[in-house]
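Have a look at the structure below before the remarks.
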Amino acid sequence: MLELIFNSFITLLVVVDPLGLAPVFAALTRGAPEGYRRQAAVRGTLLGAVILFAFAFIGDGLLAALGIGMPAFRIAGGILLFLTALDMVFGHPLGHPSQSQDQEGQVIKSDISVFPLAIPLIAGPGAITTVLLYTGGRSPAETVAFLGVLTLVLALVLGSLLLAPRVMRLFGETGSDVISRILGVLLAALAVQFVLDGLQAVLHP
């Protein structure tokens, strides 16, 4: 149980990347009033939580309806997380907020709480895959433990968004890049372990 809690915490921490969301959120809300930033952070985190918790509860049924076994999903999920880890290690952004310009060249920013904050920055493919991997075929106690870890990580996300200006002053862009790459290496190792677990379940049922 402790191993599940630790591994799931590290995986979610790396995939969702609360610290890495801070500079993105700061850029998306640059020049916005404090009230708007707070409201966008809370709404985006809540929407992301709803999506991830929904997949936690319907994940098994969804896989069963599609005829997908957990070993196959573990292999596919591990590959997807490995690709995410490569993006982090080599510094390729996982998502870009869309902006448009009016005729005077001024940047127009729409409500960011749904896109890109909730989807795909918080509840992206990697996070959804992680939720399905850690809830599929688990005992009720293990599922409850994972949901507790998920709640903790989402709380860290909310705190990081609310403190985004301070986080940026503390770590700076260089510090955030270094931390992101270190976490990317850890995620790559965990992704390989998912693939190995899936292969072992296939070869030794």
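The values are calculated or read from the model by the stated rules, or taken from the named source; none is laboratory data. Computed from a predicted structure; not experimentally measured. Using ideal geometry, Cβ is built from the backbone for each residue, glycine included, and neighbour counts are taken over all protein chains shown.
Structure notes:
- Taking segment 35-60 as the range and being closer than 10 Å to S113 by Cα and hydrophobic (A, V, I, L, M, F, W, C) as the test, the residues that pass are A40, A41, V42, L46, L47.
Conditions tested, residue by residue: (1) modelled with pLDDT under 85; (2) aliphatic (A, V, I, L, M).
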site	(1), (2)
L12	no, yes
G20	yes, no
T45	no, no
A65	no, yes
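- Within segment 26-59, considering residues that are closer than 14 Å to A164 by Cβ and among the small types (G, A, S), the one surrounded by the fewest Cβ atoms within 10 Å (Cβ to Cβ): G31
- Leading residue by the ranking (nearest to A141 (Cα to Cα)) among those in segment 60-86 that are of a type in the set (G, A, S) and surrounded by fewer than 18 Cβ atoms within 10 Å (Cβ to Cβ): G61
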